[in-house]
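This report refers to the structure that appears directly beneath it.
The values are calculated or read from the model by the stated rules, or taken from the named source; none is laboratory data. Given the structure is predicted, the values throughout are model-derived calculations rather than measurements. Ideal geometry is used to build each Cβ from the backbone, glycine not excepted, and the neighbour counts take in all protein chains shown.
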Amino acid sequence: MLRERGHGPAGLIGRDGALSEVAEVLRAERLVTVSGPGGVGKTALVAELAHRLLPGQWEAVGWVDLVRLDGLELLPQRLARALGRGGLPARGTSEALADALGGAPALLVVDTCEYVADACAEILTGLVAACPGLHVLATSRTPMDTSGHYRLRPLPLEEAARLFEASGRRWDFVDVPTAKTAEHICAFLDGLPLAVHIAAGQLAHHSPNEVLSLVSRADTLLDLTIPGLPARQRTLRESLLSTHQLCTREEQLLWARCTVFPGPFGLRDALEVCADDRLPPEALVAAFAGLGRRALILPQEPHGATYRMPWSTRAHGRQWLNQLGEEREFLQRCLTWLLRDS
């Protein structure tokens, strides 16, 4: 049952290392959050890991998706039902759930925690402390303050191309892409499995070269879709809108303004080009850290000082910048910055 929550085995190409690493963190810490940008494959990863951990080890196994949580006060009841510990009152407390669960060995997967990240981390931390047999795998676009944490990163280009070819085989090809064309297509998809699956689905109606043209244009990339995806991931636009809503106003503004950089940029560059009365330096510094925490900007090198913005993230941000009426101004500011440093 758990395995069906993800995209299936093809969605896990290139994830053997991540599966082993998360399993190791879970052995050391009984509460682990897997974080990363929308579409990076968090749900598929934890579903597969939970499936591998299932045989004979647990008295109770449960899955909760918080995307439709109607109120945080209902979370203990949702967790109890998932673990087969019903009978809590409609607004049961986490303490009552802990009493119901006791020391039983149990595995709980809590998906899509980003909408209530802080409160969810507090509740799950308390449950794990009170229930010595409980292990929890959580997913969140926003990193949570939990004892264990694993940041799932996008796939390298070679693995993304392998996933593209494997996912494409699920469809009736108009034409089979060459390995080189698959890599060219995946270069625009930034290693996001969701984007790779969506692009591969276009092969049912388009030639590989047509798919390359579709993903290389921001106006079409964001709205490509295939059947069977959840509503919040039906298109890259929907996925990015979900993340956009999680951002602070300052993060949204900086996300839009940083799209004017034609290549890598750092905090100092953002301060020079993007700061103004609406986004003063102190607020910009905090927003820059927030974009990094949400993986909306990615370091060029591990622990590096320069960042890049993924293509689809840039496309969404540029459209937002245009809606704000700031595109002309900040392109001009960026041009002045480039000419000064040339």
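Structure summary
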{"quantity": "Positions within region 168-218 being within 30 Å of Ile297 (Cβ to Cβ) and of a type in the set (D, E, K, R), in sequence order", "calculated": "Lys180, Glu183, Asp190, Arg217"}
{"quantity": "First in region 102-129 and more than 21 Å from Arg68 (Cβ to Cβ), second anywhere and in a helix (DSSP H, G or I) and aliphatic (A, V, I, L, M), Cβ under 7 Å, 6 or more apart", "calculated": "Leu107/Ala50; Leu107/Leu53"}
{"quantity": "Unmet criterion (only one of (1) at pLDDT 85 or above; (2) assigned to a helix (DSSP H, G or I); (3) farther than 21 Å from Asp190 by Cβ) for Glu4", "calculated": "(1)"}
{"quantity": "Which listed residue is within 18 Å of the chain's Cα centre (by Cα) and farther than 14 Å from Leu79 by Cβ, from Leu137, Leu152", "calculated": "Leu152"}
{"quantity": "Helices (runs of 4 or more DSSP H) wholly inside region 234-342 containing at least 2 residues that are touching a helix residue (DSSP H, G or I) at 6+ places or on another chain (Cβ under 9 Å), within 30 Å of Pro193 (Cβ to Cβ) and among the aliphatic types (A, V, I, L, M)", "calculated": "236-246, 249-257, 267-274, 281-293, 311-323"}
{"quantity": "Top-ranked residue of region 190-222 - restricted to ones that are among the small types (Gly, Ala, Ser) and over 16 Å from the mean Cα position of the chain (by Cα), ranked as farthest from Pro37 (Cα to Cα)", "calculated": "Ser207"}
{"quantity": "Residues of region 250-309 that turn out to be more than 21 Å from the chain's Cα centre (by Cα), closer than 21 Å to Gly38 by Cα and loosely packed, with under 15 Cβ neighbours inside 10 Å, as a count", "calculated": "0"}
{"quantity": "Answer residue from region 47-72, given it is part of a helix (DSSP H, G or I) and at pLDDT below 80 and is surrounded by the most Cβ atoms within 10 Å (Cβ to Cβ) among those", "calculated": "Leu72"}
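Let's see how each residue does on (1) touching a helix residue (DSSP H, G or I) at 6+ places or on another chain (Cβ under 9 Å); (2) over 30 Å from Cys247 (Cβ atoms); (3) among the small types (Gly, Ala, Ser):
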| residue | (1), (2), (3) |
| --- | --- |
| Ser140 | yes, no, yes |
| Ala160 | yes, no, yes |
| Val174 | yes, yes, no |
| Ala182 | yes, yes, yes |
| Leu189 | yes, no, no |
| Ala199 | yes, no, yes |
| Asn209 | yes, yes, no |
